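Peer 1: First the structure, then my questions, so here it is.
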Amino acid sequence: MSKDYDIVIVGGGMVGASMACALAHGELRIAVVEAHPLRSHNQPSFDARAIALAEGSRRIFQGLGLWPGLADGVTPIERIHISDRGHFGITHLDCREEGVPALGYVVENRVLGQALASALARYANIHLLCPARLHDLKPAESHIRLHIEQQGERREIRARLLIAADGANSRARELLGLQARHWEYGQTAVISTVQAEADHRRIAYERFTDSGPLALLPLSDKRCSLVYTVRDQQVDELLGLDDETFLQRLQQRFGYRLGRFLRTAPCHAYPLRLMRLPQVVAPRAVVIGNAAHALHPVAGQGFNLGIRDVAMLAERLLDAHRQGRDLGEPALLQDYQDSRRADYRRAFAFTDGLARLFSNPLPPLRLARSQGLLLTDLLPPVKHRLARQAMGLAGRLPRLARGLPL
Ligand SMILES: Cc1cc2nc3c(=O)[nH]c(=O)nc-3n(C[C@H](O)[C@H](O)[C@H](O)COP(=O)(O)OP(=O)(O)OC[C@H]3O[C@@H](n4cnc5c(N)ncnc54)[C@H](O)[C@@H]3O)c2cc1C
């Protein structure tokens, strides 16, 4: 016997769980198929990282009623300080110049995971199948059939629509036959949480170095979340360092703006690649979040792009449901895909452009980017555009990001 739902979301990580919470506002029957228990330590989405949530993403969480459960666990970013190691160019973004209380908010993934897990449990129309894995799928005329494995047993579920949010190595994407295009950066992000002597004063630092960008995001108790990008061949050596030598290495790269670095938590490595899909929809299916796009973490855009997928897709699906339309209708899915193209293009151009420009050692380019940073600092309209992109407020926004209800 197969069980029927309106929508099945495969992947209950940051994007999939947010998607379920957004759709729960309608009267839809929703299943979330997630491979790892949401509160477990090996949950790959809610791991030791912290992410910078843009102001636009805060508005989306606010509209979904999730912000009150998160607000105590986030640290506002009031300024962003951008510099190029060994060169003169520096620029600052400041929330006061943009007329907002904060440019963004840093949240530890585990904190976000707890808030989303609690929210999912509150909705009677969300059925969490976990731990469970997608194994196979078959689209048909009026529904899509999914084969999942739960507690060692295979079972079948059916839905009008599949939303694939199962991350960069998406099994759903593969089964749907959607081809991904990949570009390797040859860089790996090493992340940790570090403690410095001086208070970060709610400033986020983005420092470009010859091996890749280095970011320090403000956390509570003078802690900072570190994203230290290095070339792939440097990773093993960096991960093998004892804490003291690691902190000395970090100090050389970052300088003394936060005084001496005193402590570090264990490091974790994430190889970096750009991945995009020419098509994010297939018969009775749509792919969102990291299953649809993977970006360089410079400028913290990945999840922010994914949560805008969530807001835009929820808006389209709930409108269609109110109008009594079929949620898997090809025109509806095509319309969603078209609505996301410009945002994807901007996010790819922004992050990929920064990652490549600032990793290029050619002297004329180094000079041009130092001048570029300086000019950005001096030209308010240029700075304002950079800030809007960083805050997730550029281009055509979903209703939730404009402060409107779903
Ligand atoms: C170092 C680093 C720093 C970053 N910093 C930022 C930042 O500051 N700001 C920002 O916006 N973004 C940032 N990102 C990007 C952000 O982490 C991703 O965009 C986000 O994790 C994507 O979430 P997701 O839910 O789409 O995918 P994932 O987090 O990969 O979650 C996928 C989920 O699907 C489940 N799953 C997988 N396969 C199956 C299956 N077959 N069946 C059932 N379930 C399955 C997994 O268990 C997991 O829970 C950063 C990324 C990195 C690597």
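Every number here is computed from the coordinates shown, using simple stated rules; none is lab data. Everything numeric here is computed off the predicted structure, so don't read it as measured data. As a convention, Cβ positions derive from the backbone with ideal geometry for all residues, glycine included, and neighbour counts pool all protein chains shown.
Peer 1: Under 30 Å from the Cα of K383, which lysines turn up, not counting those fewer than eight places away in the same chain?
Peer 2: K222
Peer 1: Hey, another quick one. Just to check I understand the Karplus step: with θ = phi - 60° and J = 6.51 cos²θ - 1.76 cosθ + 1.60, what whole-Hz values come out for the stretch 98-107, glycine and proline as x?
Peer 2: My calculation for the stretch 98-107 gives 9, x, 10, x, 7, 6, x, 9, 9, 10 Hz in order.
Peer 1: Which peptide among 20-32, 110-122 comes first, and what is the full order, when sorted by highest mean count of other Cβ atoms within 10 Å?
Peer 2: 20-32, 110-122
Peer 1: Could you work out the relative contact order of the stretch 82-177, using alpha carbon pairs under 8 angstrom and six or more residues apart, expressed as a whole percent?
Peer 2: 15
Peer 1: Dipole size in debye (nearest 20) for the stretch 162-319 around its Cα centre, Lys and Arg Cβ +1, Asp and Glu Cβ -1?
Peer 2: The calculated dipole for the stretch 162-319 is roughly 360 debye.
Peer 1: Cut-off is 10 Å between beta-carbons; in what order do M275, M312 appear when sorted fewest neighbours first?
Peer 2: Starting with the residue having the fewest Cβ neighbours, the order is M275, M312.
Peer 1: Ignoring everything except DSSP H segments at least 4 long, calculate the 222 nm mean residue ellipticity for the chain; use -39,500 (n - 2.57) per segment, divide by total residues, nearest 500.
Peer 2: Helices in the chain give a 222 nm mean residue ellipticity of -10500 deg cm²/dmol.
Peer 1: Which ³J(HN,Hα) values, rounded to whole Hz and listed in residue order, are derived for the stretch 251-262 from phi using the Karplus coefficients 6.51, -1.76 and 1.60 in 6.51 cos²θ - 1.76 cosθ + 1.60 with θ = phi - 60°, glycine and proline given as x?
Peer 2: Per residue, the Karplus-derived 3J(HN,Hα) values read 4, 4, 6, 9, x, 10, 4, 10, x, 7, 7, 9 Hz.
Peer 1: Now for a different question. Rank the residues W67, W183 as a footprinting-exposure proxy: fewest other Cβ atoms within 10 Å of their Cβ go first.
Peer 2: W183, W67
Peer 1: Further, regarding this structure: Enumerate the amide H contacts of A196 below 5 Å, restricted to partners 5 or more residues apart or on another chain; note that Pro and chain-start residues carry no placed amide H.
Peer 2: Amide H neighbours of A196: C224, L262.
Peer 1: Give the aspartates and glutamates whose C-alpha is closer than 12 Å to that of K3, dropping any in the same chain fewer than 8 places away, or say none.
Peer 2: Within reach: E156.
Peer 1: Report ³J(HN,Hα) in whole Hz for each residue of the stretch 270-283, in order, from the Karplus equation J = 6.51 cos²θ - 1.76 cosθ + 1.60 where θ = phi - 60°; Gly and Pro get x.
Peer 2: Per-residue couplings from phi come out as 10, x, 10, 8, 9, 9, 9, 10, x, 10, 9, 10, 8, x Hz.
Peer 1: Amide H neighbours of A285 under 5 Å, counting only residues 5+ apart in sequence or on other chains, H built in-plane at 1.01 Å?
Peer 2: Counting only residues 5 or more places away or on other chains, the set is L162.
Peer 1: Further question on the same structure: Under the definition of Cα pairs under 8 Å and six or more residues apart, what whole-number percent is the relative contact order of the chain?
Peer 2: About 21 percent, as a whole number.
Peer 1: Right, here's the next one. If packing is taken as the average number of other Cβ atoms within 10 Å across a peptide's residues, how do 324-331, 398-405 rank, most packed first?
Peer 2: 398-405, 324-331
Peer 1: Once you put a point 7 Å from the Cα of H41 and another 7 Å from the Cα of E197, both along the Cβ direction, what distance in nm separates them?
Peer 2: According to this spin-label approximation, the distance is 3.3 nm.
Peer 1: Also: Under the rule of at least 5 residues apart or a separate chain, name every residue whose amide H is placed under 5 Å from the amide H of F208.
Peer 2: Result for F208 returns S83, D84, R85, L214.
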